[in-house]
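For reference, the structure discussed in these notes is given below.
Just so it is clear, none of the values below were taken in a lab; they were calculated from the coordinates. Worth saying up front: this structure is predicted, and the values here are computed from it rather than measured. Cβ atoms come from the backbone with ideal geometry, glycine included; neighbour counts cover every protein chain shown.
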Amino acid sequence: MTNKEWLISTQGALFLKASKRCFEQRGIGSGKLEMFVQPGVVCLAFSIELNLKALITSEENEPRNIHNLSKLFKSLNGKTQDEIIRQCELSKEDFLTSLGNIEVVFEDWRYVYEQGAVSLNMDLLHKLSEVLDNLTSDRISRNG
């Protein structure tokens, strides 16, 4: 383990926690609830990106300076890709199609106001973020 992959995975874990807090519904008085969806999606997508980059680094590759989740995923070795797909409980074809649909979510959702109506597979985002968090935690000790 290098210091770099530890730092990347730690940041990924922090952004995952931040996304969970954004998605918490909180009472704001008068029976109203508040939840920060857009920042939650951005943090969730960034946690996925960082954990992919941590895994790429752990495989002794240099992660590319991109946000595209499909391209980052394809930078992983085949065994790691297969493990992620298996844990997401999708066929390879369905996983790759679904990943392609969310591959630029970090960029799109930072500027969602420019796009009008948008849709998003939140189930995959949540599942993939948890799978990657667990996988990086197993492979890269966050305890230093």
Across the range 5-144, how many lysine pairs, 8 or more apart or on two chains, come within less than 27 Å at their alpha-carbon atoms?
23
Mind checking the angle between helix 122-139 and the chain's longest principal axis? C-alpha axes, 0 to 90 degrees, to the nearest 10.
40 degrees
Once normalised by the length of the range 3-139, the mean sequence separation of its alpha carbon contacts under 8 Å that are 6 or more apart gives a contact order in percent of 28 percent
Arrange the peptides 86-92, 123-129 so that the one whose residues have, on average, the most other Cβ atoms within 10 Å appears first.
123-129, 86-92
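With the Cα gyration tensor of the chain in hand, convert its eigenvalues to equivalent ellipsoid semi-axes via √(5λ) and list them largest first in whole Å. Intermediate results must be reported in sequence, preceding the final value.
On the way: eigenvalues 140, 66, 38 Å².
Rounded to whole Å, the semi-axes are 26, 18, 14.
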